[in-house]
Amino acid sequence: MERSAQYRRFAADCLRLARIAGTEKERLLMVAMASGWLDLAERSEGAPASEEPLRKARRAPAPAGGRTRH
């Protein structure tokens with residue numbers, strides 16, 4: 001399996017988790033992790049990756065009724 005494809009799957013997993021995150025802090029952490037995985041994929045391929053999924057995730061509001069930390 002190509003390493004960059006695996007990194008992109010990890011990034012996609014992080015973005016899925018960002019969409020269901022209970023807090024804004026958790027969502028931003030998952031988006032940041034996705035960005036890191038995409039950067040790693042990009043470096044392993046030597047070509048720039050699209051940042052469109054990250055732009056969408058950054059704009060998306062946290063889910064209503066999300067968990068809060070105590």
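The values are calculated or read from the model by the stated rules, or taken from the named source; none is laboratory data. Remember, it's a predicted structure, so these values are computed and weren't measured experimentally. Every residue, glycine among them, receives a Cβ derived from its backbone with ideal geometry; neighbour counts consider all protein chains shown.
Residues in region 1-24 that are touching a residue at least 12 places away in the same chain (Cβ under 8 Å) and farther than 14 Å from residue 40 by Cβ: 15, 17, 18, 19, 20, 21, 22, 23, 24. A single entry from 28, 38, 15 fulfils the requirement of being surrounded by fewer than 17 Cβ atoms within 10 Å (Cβ to Cβ), part of a helix (DSSP H, G or I), of a type in the set (A, V, I, L, M) and at pLDDT 95 or above: 28.
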